[in-house]
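K.L.:
First, the structure itself, so that you have it in front of you.
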Amino acid sequence: MPETITTNKPLTIALSKGRILDDTLPLLKHADLVPNENVKTTRKLMVDGPLLKTKSGSTRIRFLIIRAADVCTYVEQGAADIGIVGRDILLEHKPDVYEPLDLKIGVCRLCVCGPKALVEKGRLKEGSRIKVATKYDQLAEQYFRDHGIQAEIIHLYGSMELAPLVGMAERIVDVVETGGTLKANGLIEETTLYDISSRLIVNPASFATRKAIIQPIIETLREAVALNSAANTTS
């Protein structure tokens, strides 16, 4: 029997607060997924969206506006059916979610960085000990372990660039977009660990039970990504 979608169970989409929200909204608009309120200014954490129609019925869309680091958890736990989050978060936390689409927004890179004078001395030797400031504990520890370096991880939530300036760490692992903040604080990139962009993620159970509405959203967003990429190429 075909799936019946009713309006009393909204399809919930978790959006990341911050800089990628600006790039997310045009993609959502292309898919007719426009929030009923300005999600960049509202103080609400949950905002209603449109009534989306499909071949098998219709359902209300709602949006959660939450910290990027929490999007994976909401989707993995089923509190949200779909989410948009950076690849850096996915790599760090490895949630049990589907990742059907690279949205090609929020493009940056995850790098090991350090004070210019230290980095220019050359790579750390195997067996070295080092203090590393980051919010990517797992990825940083894995990188240095793979290179035979004993790293003491100092977890910070932001302003990583400050840690080497005050002598708290010799390296940081953080996302870099333009490198302007690094340069302003006397730091340079040592190596790139991963290229990062924002991804569409889906709760596996939601995809199994609500595929009739989720799959068209994925395909419409795929079209939006292609159009956006083409526009950026010609501009």
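The values are calculated or read from the model by the stated rules, or taken from the named source; none is laboratory data. Just so it is clear, the model here is predicted, and its values are computed rather than measured. Don't worry about glycine lacking a Cβ; one is built from the backbone with ideal geometry, like all the others, and counts go over all protein chains shown.
K.L.:
Which ranges mark the helices (runs of 4 or more DSSP H) fully within the range 34-143 that have 2 or more residues being closer than 13 Å to THR12 by Cα and either charged (D, E, K, R) or out of contact with any Phe, Trp or Tyr (no Cβ under 6 Å at 6 or more places or on another chain) (or both)?
P.N.:
So the answer is 68-76.
K.L.:
Quick one: in the range 142-174, which of the residues that are within 15 Å of TYR194 (Cα to Cα) and buried (at least 17 other Cβ atoms within 10 Å of the Cβ) is nearest to the chain's Cα centre (by Cα)?
P.N.:
Among those that are within 15 Å of TYR194 (Cα to Cα) and buried (at least 17 other Cβ atoms within 10 Å of the Cβ), it is ASP174.
Residues are listed down the side, and each one gets a yes or a no for (1) at positive phi; (2) in contact (Cβ under 8 Å) with a residue 40 or more places away in the chain; (3) part of a loop (DSSP other than H, G, I, E, B); (4) in the same structural domain as GLN138 (by TED's automatic domain parsing):
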{"position": "ASP174", "(1), (2), (3), (4)": "no, yes, no, yes"}
{"position": "LYS183", "(1), (2), (3), (4)": "no, no, no, yes"}
{"position": "ILE188", "(1), (2), (3), (4)": "no, yes, no, yes"}
{"position": "ILE201", "(1), (2), (3), (4)": "no, yes, no, no"}
{"position": "PHE207", "(1), (2), (3), (4)": "no, yes, no, no"}
{"position": "ILE217", "(1), (2), (3), (4)": "no, yes, no, no"}
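K.L.:
Now for a separate question. Looking at LEU110, is it at pLDDT below 95, buried (at least 18 other Cβ atoms within 10 Å of the Cβ) and hydrophobic (A, V, I, L, M, F, W, C)?
P.N.:
Spelling it out, it is not the case that LEU110 is at pLDDT below 95, buried (at least 18 other Cβ atoms within 10 Å of the Cβ) and hydrophobic (A, V, I, L, M, F, W, C).
K.L.:
How many residues are surrounded by 13 or more Cβ atoms within 10 Å (Cβ to Cβ) and within 23 Å of GLY179 (Cβ to Cβ) if we restrict to the range 121-136?
P.N.:
Looking only at that region, the number is 8.
K.L.:
On to the next question. Here are ALA117, ALA69, ALA80: which of them is surrounded by fewer than 19 Cβ atoms within 10 Å (Cβ to Cβ), within 18 Å of the chain's Cα centre (by Cα) and hydrophobic (A, V, I, L, M, F, W, C)?
P.N.:
Matching residue, one of ALA117, ALA69, ALA80: ALA69.
K.L.:
Pull up the range 177-191, narrow it to residues that are more than 14 Å from ALA133 (Cβ to Cβ) and of a type in the set (A, V, I, L, M, F, W, C), then point me to the one that is surrounded by the fewest Cβ atoms within 10 Å (Cβ to Cβ).
P.N.:
ALA184
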